[in-house]
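The values are calculated or read from the model by the stated rules, or taken from the named source; none is laboratory data. All values derive from a computational prediction rather than experimental measurement. Please note: Cβ atoms are built from the backbone with ideal geometry, for glycine as well, and neighbour counts cover all protein chains shown.
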Amino acid sequence: MPSALATDLYQVTMMAGYHASGQDQPRTFELFVRGLPDHRQYLVAAGLEQALEYLANLHFTPDEIGWLRTLPALADVPSSFFDAYLPAFRFTGDVWAVEEGEVIFSHEPVLRVTAPAGEAQLVETALLAIITFQTSVASKASRVVNAADGRAVIEFGSRRAHGLDAALHAARAAYIAGCVSTSNVEAGRLFGIPVSGTMAHSWVMGCADEIDAFRQYMQIFGAHTTLLIDTYDTLTAARRIVASGLRPTAVRLDSGDLLALSTQVHQIFDEGGLGATRILVSGDLDEHRIQTLVRGGAPIDGFGVGTAISAVSDAPALGGVYKLVETTEAGQARPTVKLSTGKRTFPGRKQVWRVTETGIASHDVMGLADEAGQEGRPLLSEVMRRGARVAPSAPLDQMRQRCKARVAQLPAALRALESGPPYTVRVSGALDQLLRLAVHRVTG
């Protein structure tokens, strides 16, 4: 689990400030994405389970408190902060969130935290890191899965991810979004995701003869064997497999003109009685290359995708923010608003309703959480109350099925790789009125 110190320094100084000034009253923050990355028309929410685990286990150890005492920035903080507040610190707030696998859009709250000010402040950094990373990966993976048009997509990106923890959670997010398996063994163990793998070029290169390498590998792994056939010459390898009498379950191509090579390998195998041997491809694939292969009629059964998914190579950072929307004064809630140019926020606790027509999402309405009379399906539900989980985590396969169903409800233009008209997110009349009042309150 992440340490309580896995945060930015100013979160800790803010906590100390609230404690010292007696301003630790309840506050509400909402986490959302200001704008979608280029070429994205929707996002897939992911990472909530890890976020809730973090909140449920949040505490400061004696060693961490001792180290904080040494920081110059905290030198003048009252000793009660270190002696009483931090040792007893736990997250005691309420959390509402969008389910993992749900489709979301910009400015819509993904997660809402209501807690004493110090608690709500400290968790900003970790929640943003957890939620926005997995959401970014899941959103990219969803595009790749859409492009594959029913063919299998395997997440292959652990060696390209930004660290092993990122690799682990990228595998999880990609599986939620529709990848059929991962190469990451630890993700398989922890999350129950199917694991897939083939062989390395070094196995072939380490044998004197390519066919001997294939034969030895198949003798060990049998029906689970996928032969990597592009170490030397792809078509020669395919012909030698047929001539040798080997019957691999699948082969993988990792280089070259994948459209031409897959077509030629398929023909060689078909004529040689290996029509059932599946053809998998990999090698710097993304949704655009996959769409080209699919539209070109390539006889490919599955795609191994690494960097594009696990490092989200075209948009490696998702612009998530965590902003105060409500505070408490004299026991009364006061909505808050930020008016910075390009960074305006909506005040108050919010809910989002999705309206569908004939099974297709028509538009969303963003309004106040306690607003009555809105049609559509509410997206945020209570997941934590007074620091405790409201319900156990859903199975990962349930999140995966949810994602598949929610993406299928989107208009076809939103699922396309080419950018089109954005999805409509309307602001309710009540929220618009509250915004006007909040702006007038701070500007006069």
Turns out the helices (runs of 4 or more DSSP H) fully within region 101-186 with at least 2 residues that are more than 25 Å from Thr13 (Cβ to Cβ), of a type in the set (A, V, I, L, M, F, W, C) and at pLDDT 95 or above are 124-148, 164-176
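Working only within region 40-62, note down all residues that are more than 18 Å from Ala126 (Cα to Cα) and touching a residue at least 60 places away in the same chain (Cβ under 8 Å).
The first filter runs over region 40-62 and keeps only residues more than 18 Å from Ala126 (Cα to Cα), leaving 40-44, 62.
Arg40, Gln41, Tyr42, Leu43, Val44, listed by residue number.
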The residue from Thr358, Thr341 that alone is on the phi > 0 side of the Ramachandran plot and out of contact with any Leu (no Cβ under 7 Å at 6 or more places or on another chain) is Thr358
If we ask which residues in region 270-288 are out of contact with any Gly (no Cβ under 9 Å at 6 or more places or on another chain) and buried (at least 17 other Cβ atoms within 10 Å of the Cβ), their number turns out to be 4
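Just one of Ala117, Ala97 is in contact with a helix residue (DSSP H, G or I) (Cβ under 8 Å, 6 or more places away or on another chain), buried (at least 23 other Cβ atoms within 10 Å of the Cβ) and not assigned by TED's automatic domain parsing to the domain that holds Gly296; which is it? Give the steps one after another, and end with the answer.
On the way: Ala117 fails: buried (at least 23 other Cβ atoms within 10 Å of the Cβ).
Only one candidate qualifies: Ala97.
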Hey, does region 307-323 have a residue that's touching a residue at least 40 places away in the same chain (Cβ under 8 Å), under 30 Å from Leu235 (Cα atoms) and not aliphatic (A, V, I, L, M)? yes
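Pick from region 362-395 the residues that are of a type in the set (D, E, K, R) and under 24 Å from Pro26 (Cα atoms): which of them is surrounded by the most Cβ atoms within 10 Å (Cβ to Cβ)? Spell out how you get there, then give the answer.
First pass over region 362-395, keeping only residues of a type in the set (D, E, K, R): 364, 370-371, 375, 377, 382, 385-386, 389.
Subset that is under 24 Å from Pro26 (Cα atoms): 370-371, 382, 385-386, 389.
Values: Asp370: 9, Glu371: 19, Glu382: 12, Arg385: 13, Arg386: 10, Arg389: 14.
If we take residues in region 362-395 being of a type in the set (D, E, K, R) and under 24 Å from Pro26 (Cα atoms), then Glu371 is surrounded by the most Cβ atoms within 10 Å (Cβ to Cβ).
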Scanning region 289-304 residue by residue, those touching a helix residue (DSSP H, G or I) at 6+ places or on another chain (Cβ under 7 Å) and either touching a residue at least 40 places away in the same chain (Cβ under 8 Å) or surrounded by fewer than 16 Cβ atoms within 10 Å (Cβ to Cβ) (or both) turn out to be Ile290, Gln291, Val294, Gly296, Ala298, Ile300, Phe303
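One residue is enough: does region 325-333 have a residue meeting the conditions assigned to a loop (DSSP other than H, G, I, E, B) and not assigned by TED's automatic domain parsing to the domain that holds Ala152?
Of the residues in region 325-333, the ones assigned to a loop (DSSP other than H, G, I, E, B) are 330-331.
Retained after the next criterion (residues that are not assigned by TED's automatic domain parsing to the domain that holds Ala152): 330-331.
Taking every residue of region 325-333 in turn, at least one turns out to be assigned to a loop (DSSP other than H, G, I, E, B) and not assigned by TED's automatic domain parsing to the domain that holds Ala152.
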For region 415-442, the count of residues that are of a type in the set (Gly, Ala, Ser) and part of a loop (DSSP other than H, G, I, E, B) equals 4
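Inspect region 20-39 for any residue being small (Gly, Ala, Ser), free of Cβ contacts under 8 Å to residues at least 12 places away in the same chain and assigned to a loop (DSSP other than H, G, I, E, B) and give the result as yes or no. Don't jump to the end; show me each part of the working.
Our first condition is that a residue be small (Gly, Ala, Ser); within region 20-39, this holds for 20-22, 35.
When the remaining residues are screened for being free of Cβ contacts under 8 Å to residues at least 12 places away in the same chain, the result is 21-22.
Of the ones still in play, those that are also assigned to a loop (DSSP other than H, G, I, E, B) are 22.
Looking through region 20-39, at least one residue is small (Gly, Ala, Ser), free of Cβ contacts under 8 Å to residues at least 12 places away in the same chain and assigned to a loop (DSSP other than H, G, I, E, B).
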All conditions in (1) in contact with a helix residue (DSSP H, G or I) (Cβ under 7 Å, 6 or more places away or on another chain); (2) more than 15 Å from Gly320 (Cβ to Cβ) are true of Val110 except (2)
Note on region 360-404: residues charged (D, E, K, R) and touching a Phe, Trp or Tyr at 6+ places or on another chain (Cβ under 8 Å) are Asp364, Glu375, Arg377, Glu382, Arg400
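Step by step: first the residues of region 73-87, then only those that are free of Cβ contacts under 8 Å to residues at least 12 places away in the same chain and assigned to a helix (DSSP H, G or I), then the one that is farthest from Gly22 (Cα to Cα). Which residue is that? Before the answer, list the steps.
Within region 73-87, the first condition is being free of Cβ contacts under 8 Å to residues at least 12 places away in the same chain, and the residues that meet it are 75-76, 79, 83-84.
Filter again for assigned to a helix (DSSP H, G or I), leaving 79, 83-84.
On the way: Ser79: 14, Asp83: 16, Ala84: 14 Å.
Once the filter is applied, the top-ranked residue is Asp83.
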Here the residues within region 233-274 that are more than 37 Å from the chain's Cα centre (by Cα) and within 29 Å of Thr182 (Cβ to Cβ) are Ala237, Ala238, Ile241, Leu246, Arg247, Phe269, Leu274
Any residue that is surrounded by 20 or more Cβ atoms within 10 Å (Cβ to Cβ), touching a helix residue (DSSP H, G or I) at 6+ places or on another chain (Cβ under 6 Å) and at positive phi - is there at least one of those in region 305-327? yes
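If we scan region 223-235, do we find a residue that is at positive phi and surrounded by fewer than 17 Cβ atoms within 10 Å (Cβ to Cβ)? Even if it seems obvious, please write down each step before you answer.
Start the filter on region 223-235 by keeping residues that are at positive phi, which leaves none.
There is no residue in region 223-235 that is at positive phi and surrounded by fewer than 17 Cβ atoms within 10 Å (Cβ to Cβ).
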Going through (1) touching a helix residue (DSSP H, G or I) at 6+ places or on another chain (Cβ under 9 Å); (2) surrounded by fewer than 22 Cβ atoms within 10 Å (Cβ to Cβ) one by one, Asp212 fails only at (1)
- Looking at this structure, is Arg289 among the charged types (D, E, K, R), in a helix (DSSP H, G or I) and not assigned by TED's automatic domain parsing to the domain that holds Glu108? yes
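Restricting region 354-374 to residues that are of a type in the set (S, T, N, Q) and in contact with a strand residue (DSSP E or B) (Cβ under 7 Å, 6 or more places away or on another chain), which is nearest to Leu111 (Cα to Cα)?
Filtering region 354-374 down to residues of a type in the set (S, T, N, Q) leaves 356, 358, 362, 374.
Okay, now just the ones that are also in contact with a strand residue (DSSP E or B) (Cβ under 7 Å, 6 or more places away or on another chain), so 356, 362, 374.
Details: Thr356: 22, Ser362: 23, Gln374: 20 Å.
Checking each candidate, the answer is Gln374.
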